[in-house]
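Everything on this sheet refers to the single structure shown next.
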Amino acid sequence: TPVAVRKICCIGAGYVGGPTCAVIALKCPHIQVTIVDLNQSRVDAWNSPDFKLPIYEPGLEDVVRQARGKNLFFSTDVDKGIREADLIFVSVNTPTKKSGVGAGFAADLNYVELATRRIAAVATSSKIVVEKSTVPCRTAESMRTILEANSKNGCRFDILSNPEFLAEGTAIKDLFSPDRVLIGSLQTPEGISACKSLADVYGNWVPQDRVLTVGLWSSELSKLAANAMLAQRISSINALSAICEATGANIDEVAFAVGKDSRVGPKFLKASVGFGGSCFQKDILNLVYLSESLHLPEVAAYWRQVVEMNEYQKRRFSKRVVDTLFNTITGKRIAVLGFAFKADTGDTRESASISLIRDFQSEKAYVNVYDPQVEHSQIWMDLSEASPSMSLDQIKKQVTICPSAMDACKNAEAVVIATEWKEFNNVDWEAIYAGMNKPAFVFDGRLLVDAEKLRKIGFQVTTIGRGERL
Ligand code: UDX
Ligand code: UDX
Ligand code: ADP
């Protein structure tokens, strides 16, 4: 019979583990949830008395306020967390490898392996171990081998795959009412029983028909496939946006018309300056690596093209800025509005802004950047990493972080909208226009602003996916 889960430990208090397990605690008051992390300052932030949490996510603070100290705890005592739990989520980071075999493509599984070995080393009773981090196919198998080879007498480990589909910025909403919860297990009696234990946890708030149970490998592959297909939609629409710009068609009209086909559907068809985020590129590169390892080069090339189209879209956009500003931006001031990879998050991983600013820097422009959420230290870190040949002092001579959109646009030649923050729509564009050099240009990389309204004020407006002659 399935174990009734009483205590959950989550290893990794990041973007995935933190919100996911906070919501589990809120929805399951009878389960004690402890989130552990090696990073002391991250844990301190989760525990901070004034709720200055380490990640910004609408609704998250409210969830933590309700559950923290009751049945939700944050700690750096990883071993204690492991020992006490019946069920352990492994939710550590799996970045793309920077060196060694598969560098630039394969996921770095070092953190997953270390966490798994820790579980084997300190557990004194049986555990259900759940891989939550997005991992390449067959990782569960490796985890199982490590756990079984190191288990003590009487300890059983059952491995489940339970990928997380939440999107940043809507994490709490996605967790409260997920499209689906996917649980993969071995199709043995023990595997199916462990699967039932976890399904019962979600059963506290997720309707039964949304909890899908499948084999371990299907579960692992479904996560990569879901992200690859979402990213592919964006690359497809962005490829079409290039045709629109060259012909005078309008990508919004095209996307709307295409999305009306119920077989295609209307969502996730918004042309942009390029997708970012910690998942899309990483997971596709992972799929590319997997395909190559399986001797499927045509499949690898197909998915690789989705990432290449995204790189092209970013390059194409910064080139359009330079071309429009009379083929040179040397010494000109460009205001970049938005640094996060999308609105409603402070996360900058793989953000298109990073590539744009790097391109503007190499054209010797001055850049003013403003983002309502991103920490300044994060911006400096990202820009340094993007231009390894430059010192931070050199970068700071060219780039200024501004306290508001209005400040960023002061004395600029052009405004580039890189993140779709709502407030960029509501700024006083008349006042911005008054403070800029003329002719004043706006480049909307997010189909955010009303181009006609801005043209009436006097701006020269360039919109992604719209031909110049419109
Ligand atoms: C994504 C998946 O949506 C989520 O299910 C998975 O668990 C993790 O990866 P996330 O990266 O948080 O989530 O954000 P998402 O909303 O998917 O956006 C990713 C990028 O695509 C952003 O840069 C966004 O601006 C861009 N995007 C999205 C577009 O350019 N156009 C669209 O139509 C949608
Ligand atoms: C298609 C479009 O559906 C239609 O809107 C357009 O006007 C003309 O082209 P059609 O070619 O008649 O219509 O057939 P469709 O049902 O779209 O199938 C096309 C091919 O895709 C078929 O060979 C079908 O077997 C295949 N297919 C379709 C799949 O392999 N998998 C699917 O999930 C759907
Ligand atoms: P994700 O976006 O996948 O949630 P993050 O980088 O935001 O990734 O979070 C992963 C967290 O996992 C980090 O805070 C990191 O300190 C933590 N972590 C990594 N390895 C271990 C480990 N062995 N034990 C505990 N925590 C770990």
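The values are calculated or read from the model by the stated rules, or taken from the named source; none is laboratory data. Only a predicted model underlies this, so the values are computations on that prediction, with no experimental measurement involved. For neighbour counting, all protein chains shown are included, and Cβ atoms are generated from backbone atoms with ideal geometry for every residue, glycine included.
Checked against (1) away from ligand 1 (no atom under 14 Å from the Cβ); (2) in contact with a strand residue (DSSP E or B) (Cβ under 8 Å, 6 or more places away or on another chain), residue 339 passes all but condition (1).
Within the stretch 178-190, none of the residues are touching a residue at least 40 places away in the same chain (Cβ under 8 Å), polar (S, T, N, Q) and away from ligand 1 (no atom under 16 Å from the Cβ). If you go through the stretch 93-112 one residue at a time, do you hit one that is in a helix (DSSP H, G or I) and surrounded by 15 or more Cβ atoms within 10 Å (Cβ to Cβ)? Yes: the stretch 93-112 contains one or more residues that are in a helix (DSSP H, G or I) and surrounded by 15 or more Cβ atoms within 10 Å (Cβ to Cβ). Residues that are free of Cβ contacts under 8 Å to residues at least 24 places away in the same chain and either more than 16 Å from ligand 1 (Cβ to nearest atom) or not assigned by TED's automatic domain parsing to the domain that holds residue 131 (or both) do occur in the stretch 32-43.
Of the residues 123, 140, the single one that is surrounded by 14 or more Cβ atoms within 10 Å (Cβ to Cβ) and within 15 Å of ligand 3 (Cβ to nearest atom) is 123. The helices (runs of 4 or more DSSP H) falling completely within the stretch 326-430 that include 2 or more residues that are in contact (Cβ under 8 Å) with a residue 40 or more places away in the chain and of a type in the set (Ser, Thr, Tyr) map to 352-362. One residue stands out among those in the stretch 383-414 that are surrounded by 12 or more Cβ atoms within 10 Å (Cβ to Cβ) and among the hydroxyl-bearing types (Ser, Thr, Tyr): the one that is nearest to residue 338 (Cα to Cα), which is 404. Residue pairs whose Cβ atoms lie under 8 Å apart, separated by 6 or more positions or on different chains, with the first residue in the stretch 156-176 and at positive phi and more than 7 Å from ligand 1 (Cβ to nearest atom) and the second small (Gly, Ala, Ser) and assigned to a loop (DSSP other than H, G, I, E, B), do not occur. Against the test of being among the basic types (Lys, Arg) and modelled with pLDDT of 90 or more, the options 138, 156 yield a single qualifying residue, 156. The number of residues in the stretch 305-325 that are part of a helix (DSSP H, G or I), more than 19 Å from the chain's Cα centre (by Cα) and more than 19 Å from residue 448 (Cβ to Cβ) comes to 6. Checking each residue in the stretch 435-470 for being more than 14 Å from residue 414 (Cβ to Cβ), assigned by TED's automatic domain parsing to the domain that holds residue 327, part of a loop (DSSP other than H, G, I, E, B) and of a type in the set (Lys, Arg) picks out only 446. Scanning the stretch 413-445 for residues that are closer than 16 Å to residue 368 by Cα and in contact with a Gly (Cβ under 8 Å, 6 or more places away or on another chain) yields 416, 417, 418, 419, 424, 433, 440.
Does residue 252 fit the bill of being surrounded by 14 or more Cβ atoms within 10 Å (Cβ to Cβ), closer than 23 Å to residue 16 by Cα and in contact (Cβ under 8 Å) with a residue 60 or more places away in the chain? So residue 252 fails the test.
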